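Have a look at the structure below before the remarks.
The values are calculated or read from the model by the stated rules, or taken from the named source; none is laboratory data. Note that the structure is a prediction, hence the values are computed from the model and not measured. For neighbour counting, all protein chains shown are included, and Cβ atoms are generated from backbone atoms with ideal geometry for every residue, glycine included.
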Amino acid sequence: MANYDAKNIRNVLILGHQSAGKTTLAEALALASGLIPSKGEVEKKNTISDYLPEEQKRGGSIQTAIIPLIYKGHKINLIDVPGNDDFISEYIGALGAVKGAILIIDASVGVQVGTIKHWNQLRKRGIPAFIYLNKMDKDNVKFDEVLDEIRTKLGKQAIPFTYPLGHNDGFDGFANCVALKAFIFDGVKCNEAPIYDDKKDKVFELYNAIAEEVAKTDDALLEKFFAGEQFTQDEVRESLRKGVLAGELAPVLVGSATKNIGCLTMLDMFIDYLPSPCDLKPYEAKDENGKEVLRATDDNEPFSGYVFKTVCDPYSGIINLVKINSGVIRTGDEVFVNGGTQRISMLYAMCGKKLDSINEAHAGDIVAITRLEGVASGMTLSSPKSKIFYKGAHYPTSVIFKAIILANKNDESKIGPALQKIQLEDPAVEVKRNNETKQLLLGGVSDSHINFILGKLKDVYKIDVTTQPMKIVYRESIKKTAEGDGRYVKQSGGSGFYGVVKMRFEPAEESIFAEEVFGGAVPKNYFPAVEKGFFEALQSGPLAGFPVIGVKGVLVDGKYHPVDSNEQAFKMAGILAFKDAYPRCNPIILEPIMNIHVIVPVEYTGDVMSDLNTRRARIQNMEEKDGLQDIEALIPEAEIIDYASILKSLTQASGYFNREFASYEEVPEYLKDKVIKENRITE
């Protein structure tokens with residue numbers, strides 16, 4: 001595959017709600033550009049982007065796919081990502097590799113929750129985007145109604161660059177409102193034709209609206225507009241391009257991906273109105289010393305790239321998809337990544353599952369690299385002579401956890417590597433082993449996300465597992481100071497055991513050991529043994545078996561025997577002293593408190609707040625931006641085990657949340673006995 005200058009590259013993300021037709025559009029564009037001789041179909045399981053067995057089984061995308069198109073001397077890298085929220089990390093990662101997008105809406109159903117989520121992400125990152133109304137050939141599609149909905153829910157900057165044509169409410173083509181040309185579908189392809197007489201007024205009305213937008217970009221053009229002079233096509237194109245790149249315009253296109261209507265016009269508009277990698281500001285990064293540096297998308301800059309997706313292929317191994325932000329990369333080059341230098345042994349252009357070996361790739365392009373050790377999504381590759389680091393994507397945290405249990409003990413050696421590969425591909429997956437509860441926990445963004453992972457373990461890695469609810473990791477502590485005696489004396493002929501201690505236990509910020517022994521009641525060489533016994537006793541509290549935190553243990557007195565005393569005796573004495581004093585220290589149960597950020601559309605704020613109040617949440621902050629409410633709260637982990645599904649129900653799937661551990665706090669007295677009964681740890 002030939003190399004292209006950055007000015008002739010377009011990296012375009014295909015986004016849309018589930019079943020909007022993303023994969024079908026990618027196929028139609030591939031056909032229109034000449035990449036493929038015939039179009040694949042989702043139902044026939046032969047599309048370029050949905051090549052995984054799991055995708056073909058589900059009939060939908062679950063993984064990012066790259067489809068490079070060559071069209072009119074330009075390279076257009078289409079990046080097809082899943083529309084299902086279970087795979088949110090896919091499009092979050094891909095957002096770091098693009099500066100242009102097309103948001104697909106099924107015209108027969110209109111703006112969906114997923115549409116709004118994707119649009120908000122694009123606006124947040126300042127990514128220029130087209131809006132494509134797909135499936136215009138469906139019955140009873142009302143373009144003007146859908147356009148009004150788009151402008152209401154996505155913004156007034158949406159402006160039709162194309163307009164549907166047809167008679168008797170049918171759809172057989174469209175008018176290009178910028179070029180004032182019509183294209184009519186003859187059952188096989190679209191051909192240029194005159195604009196229908198009954199549509200001319202509307203098309204010219206839209207052209208005038210576009211002309212007004214053009215006039216706003218330049219004083220000279222404004223004078224020309226008021227003088228009634230016609231703009232040249234170059235003036236229109238350049239002015240509209242500025243508006244799109246600035247996010248002031250969101251072109252609306254119409255068509256049918258199934259019938260290939262509108263695809264060539266879309267490719268032309270990608271070139272005319274979406275930015276090339278070198279159109280925008282240089283990338284911000286930091287050098288080894290933390291100093292901010294800039295990298296322009298230019299071949300003459302030092303090489304740097306960003307890993308936006310990692311794929312685990314059964315044949316090719318680990319594949320890292322890299323957006324080249326600056327410079328040139330060649331096979332055999334050394335790159336700095338993950339704290340060390342590695343050699344690029346294999347370099348590829350990727351199209352779906354196909355890897356084509358290449359020798360070099362240039363600034364602005366996307367490349368696949370294999371055989372890199374320890375490299376994952378979010379990492380930076382750079383020249384060893386000019387080491388830099390780009391800020392990684394912020395992936396959502398796992399918000400729901402389930403304990404997984406192997407159905408076959410022989411799979412114990414397989415489960416670890418399998419989960420590692422799954423985490424490499426999906427940064428939103430979390431795996432952790434809790435030694436206290438003896439559970440292997442699998443975390444995801446939803447129940448269905450976890451179920452998908454379980455299915456992948458079975459189908460891809462041949463590992464059967466069952467699940468159990470996650471156990472909350474509680475702690476014990478004390479609220480009062482008390483003393484306890486520990487006496488460990490045993491005599492059975494010969495050398496025995498003799499260790500006697502008196503200790504004081506008091507609340508503290510963290511668990512520590514100290515001594516206040518006078519007169520040699522306990523020799524100094526036994527202090528470490530008493531300390532060891534104290535900390536061993538903290539591992540399992542007498543109240544419920546949870547680890548004990550926040551206790552200061554002070555050795556104040558004791559006795560020893562010149563023959564029978566030893567380290568084991570004093571260690572056991574320390575344990576016994578703790579158990580003796582513990583009931584008098586007013587022991588309490590502590591529960592993990594999580595800091596959560598709940599992001600919901602403003603209209604759902606009241607319902608969400610009411611629900612949080614029933615879950616013992618303490619609101620810390622509320623901030624509204626772009627129609628979304630960010631609610632920050634502290635909440636017991638026990639109260640959010642099922643919160644992902646509850647929030648989905650409360651907000652019609654439009655809300656989401658992130659979580660992280662904050663601290664441990666005392667369980668309310670009215671819940672204490674219940675927690676102990678349900679969670680008592682026994683050996």
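Quick one: would you say K142 is assigned by TED's automatic domain parsing to the domain that holds L245 and in contact (Cβ under 8 Å) with a residue 40 or more places away in the chain?
Answer is no for this residue.
For residues that are in a strand (DSSP E or B) and modelled with pLDDT of 95 or more, tally how many sit in region 600-622.
Of the residues in region 600-622, 5 are in a strand (DSSP E or B) and modelled with pLDDT of 95 or more.
Restricting to region 203-232, count the residues that are loosely packed, with under 12 Cβ neighbours inside 10 Å and not in a helix (DSSP H, G or I).
Going through region 203-232 one residue at a time, the tally reaches 5.
Could you please let me know if M594 is touching a residue at least 60 places away in the same chain (Cβ under 8 Å) and closer than 30 Å to I116 by Cα?
yes
From the set of residues in region 389-417 that are modelled with pLDDT under 95 and of a type in the set (S, T, Y), which is nearest to the chain's Cα centre (by Cα)?
Result: Y395.
Of the residues that sit in region 380-402 and are among the aromatic types (F, W, Y) and in a loop (DSSP other than H, G, I, E, B), which one is farthest from E639 (Cα to Cα)?
So, considering only residues that are among the aromatic types (F, W, Y) and in a loop (DSSP other than H, G, I, E, B), the one farthest from E639 (Cα to Cα) is Y390.
I'd like the residue in region 411-446 that is among the aliphatic types (A, V, I, L, M) and not in a helix (DSSP H, G or I) and, out of all such residues, is farthest from I472 (Cα to Cα).
My answer is A428.
When you scan region 475-486, do you find a residue that is farther than 30 Å from E591 by Cβ, in contact (Cβ under 8 Å) with a residue 60 or more places away in the chain and either out of contact with any helix residue (DSSP H, G or I) (no Cβ under 8 Å at 6 or more places or on another chain) or not small (G, A, S) (or both), even just one?
Yes, there is a match, as at least one residue in region 475-486 is farther than 30 Å from E591 by Cβ, in contact (Cβ under 8 Å) with a residue 60 or more places away in the chain and either out of contact with any helix residue (DSSP H, G or I) (no Cβ under 8 Å at 6 or more places or on another chain) or not small (G, A, S) (or both).
List, please: which pairs have Cβ atoms under 7 Å, are six or more places apart or on different chains, and start with a residue in region 325-352 that is touching a residue at least 24 places away in the same chain (Cβ under 8 Å) and part of a loop (DSSP other than H, G, I, E, B) and end with one that is surrounded by fewer than 22 Cβ atoms within 10 Å (Cβ to Cβ) and of a type in the set (S, T, Y)?
These pairs meet every condition: G327/S383; I344/T331; G352/Y51.
Keeping to region 233-254, report how many residues are farther than 10 Å from Y273 by Cβ and not in a helix (DSSP H, G or I).
Selection size over region 233-254: 7.
Restricting to region 369-378, and then to whatever is of a type outside the set (S, T, Y), surrounded by fewer than 24 Cβ atoms within 10 Å (Cβ to Cβ) and at negative phi, can you tell me which residue is farthest from the chain's Cα centre (by Cα)?
The qualifying residue farthest from the chain's Cα centre (by Cα) is E373.
Restricting the search to region 625-635, which residues are surrounded by fewer than 19 Cβ atoms within 10 Å (Cβ to Cβ) and either in the same structural domain as S446 (by TED's automatic domain parsing) or under 26 Å from E666 (Cβ atoms) (or both)?
E632, L634
Which residues, taken from region 636-683, are part of a loop (DSSP other than H, G, I, E, B), under 30 Å from the mean Cα position of the chain (by Cα) and on the phi < 0 side of the Ramachandran plot?
Listed by number, the residues that qualify are I640, I641, D642, T651, S654, G655.
What number of residues within region 503-520 are part of a loop (DSSP other than H, G, I, E, B) and either of a type outside the set (A, V, I, L, M) or under 16 Å from A577 (Cα atoms) (or both)?
8
Any chance you could count how many residues in region 101-136 are closer than 27 Å to D186 by Cα and surrounded by fewer than 21 Cβ atoms within 10 Å (Cβ to Cβ)?
Result for region 101-136: 3.
Go through region 280-307 and report how many residues are on the phi > 0 side of the Ramachandran plot and buried (at least 23 other Cβ atoms within 10 Å of the Cβ).
The qualifying residues number 0.
Inside region 447-465, can you point out the residues that are surrounded by fewer than 18 Cβ atoms within 10 Å (Cβ to Cβ), assigned to a helix (DSSP H, G or I), of a type outside the set (D, E) and in contact (Cβ under 8 Å) with a residue 60 or more places away in the chain?
S448, G455
In region 353-366, which residues are more than 30 Å from Q56 (Cβ to Cβ) and not in a loop (DSSP other than H, G, I, E, B)?
Scanning region 353-366 gives a single hit, E360.
Yes/no per residue for (1) closer than 16 Å to G443 by Cβ; (2) among the basic types (K, R):
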| position | (1), (2) |
| --- | --- |
| D611 | no, no |
| K625 | no, yes |
| L628 | no, no |
| E632 | no, no |
| E639 | no, no |
| I646 | no, no |
| L650 | no, no |
| F657 | yes, no |
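Does K200 satisfy the condition of being surrounded by 13 or more Cβ atoms within 10 Å (Cβ to Cβ), at pLDDT 90 or above and out of contact with any helix residue (DSSP H, G or I) (no Cβ under 9 Å at 6 or more places or on another chain)?
Yes.
Yes or no, residue by residue, for (1) crowded, with 20+ Cβ neighbours inside 10 Å; (2) aliphatic (A, V, I, L, M); (3) touching a Cys at 6+ places or on another chain (Cβ under 6 Å); (4) not assigned by TED's automatic domain parsing to the domain that holds V293:
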| position | (1), (2), (3), (4) |
| --- | --- |
| T380 | yes, no, no, no |
| K385 | no, no, no, no |
| Y395 | no, no, no, yes |
| I404 | yes, yes, no, yes |
| N408 | no, no, no, yes |
| D411 | no, no, no, yes |
| E436 | no, no, no, yes |
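Go over the candidates L206, L264, L222 one by one and state the one that is touching a residue at least 60 places away in the same chain (Cβ under 8 Å) and among the aliphatic types (A, V, I, L, M).
L264
Taking the criterion of being β-branched (V, I, T) and either part of a strand (DSSP E or B) or touching a strand residue (DSSP E or B) at 6+ places or on another chain (Cβ under 9 Å) (or both), would at least one residue in region 56-66 satisfy it?
Looking for residues that are β-branched (V, I, T) and either part of a strand (DSSP E or B) or touching a strand residue (DSSP E or B) at 6+ places or on another chain (Cβ under 9 Å) (or both), one finds at least one in region 56-66, hence yes.
Give the number of residues within region 267-307 that are outside any strand (DSSP E or B), over 30 Å from E238 (Cβ atoms) and at pLDDT 95 or above.
Residues in region 267-307 being outside any strand (DSSP E or B), over 30 Å from E238 (Cβ atoms) and at pLDDT 95 or above: 3 in total.
Please find, within region 522-568, the residue that is farthest from K479 (Cα to Cα) out of those that are in contact with a Pro (Cβ under 8 Å, 6 or more places away or on another chain) and part of a helix (DSSP H, G or I).
Residue satisfying both the conditions and the ranking: E567.
Can you tell me which residue is modelled with the lowest pLDDT among those in region 308-364 that are surrounded by fewer than 22 Cβ atoms within 10 Å (Cβ to Cβ) and of a type in the set (S, T, N, Q)?
The extreme case among them is S316.
Name the single residue, out of those in region 572-615 being farther than 26 Å from L555 by Cα and among the charged types (D, E, K, R), that is surrounded by the fewest Cβ atoms within 10 Å (Cβ to Cβ).
E603
Find all pairs meeting these conditions: Cβ atoms under 7 angstrom apart; at least six residues apart or on different chains; first residue within region 625-638 and closer than 19 Å to F401 by Cβ; second residue among the charged types (D, E, K, R) and part of a loop (DSSP other than H, G, I, E, B).
I635/R615; I635/R616; P636/R616
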